[in-house]
1. Note down the net charge around Ala100, summing +1 for each Lys or Arg and -1 for each Asp or Glu among other residues with Cβ under 15 Å from its Cβ.
2. With labels modelled as points extended 7 Å from the Cα through the Cβ direction, what inter-label distance (nm, one decimal) is found for Asn63 paired with Arg14?
3. Which net charge results when you count Lys and Arg as +1 and Asp and Glu as -1 among the other residues whose beta-carbon is under 14 Å from that of Thr34?
4. Label points 7 Å out from Cα along the Cβ direction at Asp97 and Gln23: separation in nm?
5. Which value in nm describes the separation of the simple spin-label points at Thr34 and Arg79, placed 7 Å from the Cα toward the beta carbon?
6. Considering amide H positions built from the backbone, and no H for Pro or chain starts, which residues 5 or more places from Gly13, or on another chain, come under 5 Å of its amide H?
7. List Val74, Val27 from most exposed to least, where exposure is judged by having the fewest other Cβ atoms within 10 Å.
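Please treat every number below as a calculation from the coordinates, not as lab data. Here the structure is a predicted model, which means the values were calculated and not measured. Note that we place each Cβ from the backbone using ideal geometry, even for glycine, and neighbour counts take in every protein chain shown.
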Amino acid sequence: MSFNKIIIVGNLGRDPELRYTPQGTAVCNFSMATNEKRRDKSGEMQDITTWFRITLWNRQAENASKYLQKGSSVYIEGRLKLDEWTDRDGNTRQTLDVTATDMQFLGSRQEGMSAAAGSSSSNQFSESDSSTTEKESTEPSTDDEIPF
């Protein structure tokens, strides 16, 4: 038995590109970065970024193209493949390619609304959220009152 599964939580490095195969199947590609901090030998904190090329198919491809944009946070689950190629200068290069099997949008719903409908809807959303009564704003909130 063999198993190849990767889970990535990160941000898009560029806007998704949607295209269709000659058979009409949707396919979407984008780059995605994960970041971590590590101490180097001298004790200084270093940011380490790892880049992945993501491929989504069918309905997930269409949804990614519609709702995601550069900088969006997303959860991706899929199969990892290491591609090796030679660039124009003759150097051997490698890329991490992920064929996604599952995708979850991360971040606030407000971010998605402003990305899809423009900045005017985000202002409207903020105004409706900020209207609370004096009683609501002075009482401490509990976890039971959080709507999610």
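1. Summing Lys/Arg as +1 and Asp/Glu as -1 gives 0.
2. 2.4 nm
3. Local charge sum for Thr34: 0.
4. Result: 1.7 nm between the two label points.
5. My value for the distance between the label points is 1.9 nm.
6. Residues meeting the amide H criterion: Ser31, Met32, Ala33, Gly71.
7. Least crowded to most crowded, the residues run Val27, Val74.
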